[in-house]
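One structure, as structure tokens, below. Some questions next.
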Amino acid sequence: MDAPPRRPAIFVVDDEPADVMILVQTLKRDYDVATAANGPEALERLGCGGCSGRKRRAALPDLILLDVQMPAMDGFAVCRRILANPELKDIPILFLTSLDDVVCKTHGFEAGAVDYITKPFHLPEVLARVRTHLNLKRAREELRRNEQQFRRLAETDDLTGLYNTRYLFQALAGAVDRCAKENQPLASIFMDLDYFKRVVDTHGHLYGSLAIQEVAATIQSCLSPPAFAVSYAGDEFVIVLPGADKDAVLRKVVEIRDRMAATAYLAKQGLALALGASFGVAVFPEDGPDPRILLAAADRALFEDKKRRKENSPTGKDARRG
């Protein structure tokens, strides 16, 4: 049974007990309401009061109602402190004030508030403004989730779940730039499955696609960030290893090759294929000063590796039924 949806949380910050009581009574039917009596207490509760977050609320509020006129620290200063924290910057803040003048409102919007509620409260207006800004916050969050999903879809290969070539050239350029600035190496691997056409010719395209998915999972199991793998074309893959030198990338090739050798592919389909692969490696900066030259060097190394493996495999049977 699904858990009931979480009620939105409202954080009321006001030094006037009577005003706090009115707001709590008005909001508690539809929202979880917490309160603080002044700015320092509010910052402490939110984890930006200088105590390393030990007193932070278990769940951050969805919206903050913040009084402007408070002792020790006014609402403008509290608002700026809250919104300067990356974890809190998306929480909408509505100022509570009896000062209904243009200068005060301008200062509030400059501090980062999204709206004002004037005192004495008109309770239907309070509820309407709270609902409006909670709805706007939910809409922004949904838009952000959709943007992230669209970005993932644009950067991901549908078959394997690995990154695609569109992502490769952008991410590799950024990784090379970072490694150049930090005086670090970066390795790339071009990988191609051996005699994979025979798998497709023998077992069909559907099983061929499933085998590629399983090989992609093998590759991914050998990597940890910031390393990443790319489905390059069909049964070809590119692996990028920021910070890896020649010795490290050769160890990674051995690891992937050994993991593949220990895996029976398409076992669930009753085939248990043994698949092999050829690898070409190149390391920045010695093998190439930019991404395209680096990938070209790895591609040439792959060709040489395939040539050697073909010469050393008289039967050419790197894929067989187990």
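Among 186, 206, 94, which one moves the most in a GNM of the chain with springs linking Cα atoms closer than 10 Å?
Sorting by GNM fluctuation, first place goes to 206.
Looking only at 157, 30, 290, which one moves most when the chain is put into a Gaussian network model with springs between Cα atoms under 10 Å?
Answer for the Gaussian network model of the chain: 30.
Note down, for segment 165-311, the three equivalent ellipsoid semi-axes (square root of 5 times each alpha carbon gyration tensor eigenvalue), biggest first, whole angstrom.
Semi-axes, largest first: 28, 15, 14 Å.
Could you list 160, 106, 35, 165 in order of exposure, starting from the residue whose Cβ has the fewest other Cβ atoms within 10 Å?
106, 165, 35, 160
Given 112, 217, 63, which one lies farthest toward the positive end of the charge dipole of the chain, if we put +1 on the Cβ of every Lys and Arg and -1 on the Cβ of every Asp and Glu?
217
Cut-off is 10 Å between beta-carbons; in what order do 273, 83 appear when sorted fewest neighbours first?
Going from least to most buried by this count: 83, 273.
How long, wide and thick is the chain, going by the Cα atoms along their three principal axes, in whole angstroms, largest first?
90, 50, 33
Here is a further query. Can you tell me the relative contact order of segment 165-311? Whole percent, Cα pairs under 8 Å, sequence separation 6 or more.
Computed value for segment 165-311: 32 percent relative contact order.
Only bridges whose two residues both fall in the chain count here: according to DSSP, what percent of them are antiparallel, nearest 5?
Once the DSSP bridges in the chain are tallied, antiparallel ones form about 55 percent.
Based only on other Cβ atoms within 10 Å, what is the fewest-to-most ordering of 254, 281?
Ascending number of Cβ neighbours within 10 Å: 254, 281.
Same structure, new question: Using only alpha carbons, build the gyration tensor for segment 89-201 and give me the equivalent ellipsoid semi-axes, biggest first, whole Å.
Rounded to whole Å, the semi-axes are 53, 21, 7.
A further question on this structure: Under 23 Å Cα-Cα from residue 310, which lysines qualify once same-chain neighbours fewer than 8 residues away are excluded?
197, 252
Placing one identical point scatterer on every Cα of segment 9-153 and ignoring solvent, what is log10 I(q)/I(0) from the Debye formula at q = 0.09 Å⁻¹?
Summing over Cα pairs of segment 9-153 leads to -0.27.
So which of 28/89; 137/181; 181/306; 89/246 end up more than 32 Å apart, counting from Cα to Cα?
In this structure, 137/181; 181/306; 89/246 exceed 32 Å between Cα atoms.
Mind checking which aspartates and glutamates have their Cα closer than 13 Å to the Cα of residue 307? Skip sequence neighbours fewer than 8 apart in that chain.
192, 194, 299
Bear in mind these aren't lab numbers, they're just calculated from the coordinates by the rules spelled out. All of these numbers come straight from a predicted model, not from anything done at the bench. With ideal geometry, Cβ positions are generated from the backbone for all residues, glycine too; neighbour counts draw on all protein chains shown.
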